[in-house]
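K.L.:
Below: one structure in structure tokens.
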Amino acid sequence: SMRSSTEGSLRALCGLADLLYGYCYDVRATEGEPTCESGWTVRMLSTQLSWLDPPASPAEAAGASVRRSLCYPLLRHWLLSLRALDDVCCLLRLGKVATIRALLAARKLLQGGAEYGYLLNRAWLDDTVIWLQRVPARRLVRLAAALEAAAPSKPTVGWPLEQYEALALEDGEGGE
């Protein structure tokens with residue numbers, strides 16, 4: 001289980017998921033064609049890159065990623081947020097090569113678009129890519145399972161999303 005990992009290693013794995021989420025969200029939102037905002041999106045959806053504070057657990061990584069994707073980018077949609085989390089799990093299950101390729105693509109986005117991209121790459125992405133090469137593939141598979149188990153639902157995300165949706169539907173019906 002994920003708890004058998006040392007705390008530092010668990011935090012590094014959860015940080016990996018946090019980094020991958022921003023990239024996966026951007027790939028989904030732009031249909032694989034990065035924009036000038038892609039580096040910003042990756043940075044803003046990652047607590048690690050925007051607050052320099054990696055998540056401490058898979059539940060924290062999944063919850064924070066989904067919450068941030070519902071408030072920062074232009075496209076804010078519950079299913080899009082969950083699909084990006086599914087994509088992170090898929091990448092982790094594909095193994096180290098796919099995961100490293102995704103991190104290197106995220107690195108390129110940060111380098112080209114985000115403020116302080118070079119520093120963020122030096123502080124987080126470069127070390128994560130080097131560290132990931134030594135991580136057994138089974139740990140990535142366990143992380144994917146832990147993220148899936150911790151995927152937030154509308155009632156647990158921390159905001160009254162169902163009430164907001166009801167109000168939006170009400171407002172939409174009233175205008176016709």
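K.L.:
Return the FRET efficiency for the residue pair Leu167, Leu52: r is the Cβ-Cβ distance, R0 is 22 Å, and the value is rounded to the nearest 0.05. Don't jump to the answer; show the numbers that get you there.
P.N.:
Values: r = 35 Å, r/R0 = 1.60.
Here the calculated transfer efficiency is 0.05.
K.L.:
Take the Cα radius of gyration of the stretch 1-80 and divide it by 2.2 N^0.38 Å, with N its residue count; two decimals is plenty. The partial results should precede the final answer.
P.N.:
Details: Rg = 12.8 Å, N = 80, 2.2 N^0.38 = 11.6 Å.
Relative to the 2.2 N^0.38 Å estimate, the stretch 1-80 comes out at 1.10.
K.L.:
So between Tyr116 and Arg138, what do we pick up on full extension, going 0.36 nm a residue minus the alpha carbon distance?
P.N.:
4.6 nm
K.L.:
Tally Lys and Arg at +1 and Asp and Glu at -1 over the other residues with C-beta under 15 Å from the C-beta of Val129: what net charge comes out?
P.N.:
Result for the local shell: +3.
K.L.:
Mind checking the per residue accessible area of the stretch 34-164 for me, 1.4 Å probe, whole number of Å²? Intermediate results must be reported in sequence, preceding the final value.
P.N.:
Values: 6770 Å² over 131 residues.
Heavy-atom accessible area per residue stands at 52 Å².
K.L.:
Report in % the part of the accessible area of the chain that belongs to carbon and sulfur, leaving out ligands and nucleic acids; probe 1.4 Å. Please report the intermediate quantities before stating the final value.
P.N.:
On the way: 5250 of 9460 Å².
Solvent-exposed carbon and sulfur of the chain make up 56 percent of the total.
K.L.:
Can you work out the Karplus-derived ³J(HN,Hα) for every residue in the stretch 52-65? Use 6.51 cos²θ - 1.76 cosθ + 1.60 with θ = phi - 60°, whole Hz, and x for glycine or proline.
P.N.:
6, 9, x, x, 9, 8, x, 5, 5, 5, 5, x, 5, 4
K.L.:
Mind checking the log10 I(q)/I(0) for the stretch 33-176 at q = 0.09, 0.17, 0.19 Å⁻¹? Debye, one equal scatterer per Cα, no solvent, two decimals.
P.N.:
So the normalised log intensities work out to -0.32, -1.02, -1.23.
K.L.:
In whole Hz and in residue order, list the ³J(HN,Hα) couplings for the stretch 136-144 that follow from phi through the Karplus curve 6.51 cos²θ - 1.76 cosθ + 1.60, θ = phi - 60°; x for Gly and Pro.
P.N.:
Karplus values, whole Hz, x for Gly and Pro: x, 4, 4, 5, 5, 5, 5, 5, 4.
K.L.:
Let me ask you something else. Quick one: what are the phi-derived ³J(HN,Hα) couplings along the stretch 97-112, Karplus 6.51/-1.76/1.60 with θ = phi - 60°, whole Hz, x for glycine and proline?
P.N.:
Per-residue couplings from phi come out as 4, 5, 5, 5, 4, 5, 5, 5, 5, 5, 4, 5, 4, 5, 4, x Hz.
K.L.:
Give the separation of the Cα centroids, the stretch 57-94 to the stretch 106-130, in Å.
P.N.:
For the stretch 57-94 versus the stretch 106-130, the Cα centre distance is 20 Å.
K.L.:
Right, another one. Which one, Ala59, Leu49, Ser9, projects farthest toward the positive side of the charge dipole computed for the chain from Cβ point charges (K/R +1, D/E -1)?
P.N.:
Ser9
K.L.:
Please list the non-local residues whose amide H lies under 5 Å from the amide H of Ser57, H modeled 1.01 Å from N, same-chain partners needing a gap of 5 or more.
P.N.:
Hits under the 5 Å cutoff: none.
K.L.:
Could you compute the FRET efficiency for Val157 and Leu94, with r as their C-beta to C-beta distance and R0 at 25 Å, rounded to 0.05?
P.N.:
Values: r = 27 Å, r/R0 = 1.08.
FRET efficiency, Val157 to Leu94: 0.40.
K.L.:
Additional query: Per the helix-only calculation at 222 nm, which mean residue ellipticity applies to the chain, given -39500 (n - 2.57) for every DSSP H run of n ≥ 4 and division by its residues, nearest 500 deg cm²/dmol?
P.N.:
Numbers: 10 runs with 122 residues, N = 176.
Rounded to the nearest 500, it is -21500 deg cm²/dmol.
The values are calculated or read from the model by the stated rules, or taken from the named source; none is laboratory data. On a predicted model such as this, the values are computed, not experimentally measured, just so you know. Heads up, the Cβs are rebuilt from the backbone with ideal geometry, glycines too, and the neighbour counts pull from every protein chain shown. The accessibility values were calculated without ligands, DNA or RNA, using every heavy atom of the protein model including side chains. Shrake-Rupley method; radii C 1.70, N 1.55, O 1.52, S 1.80 Å.
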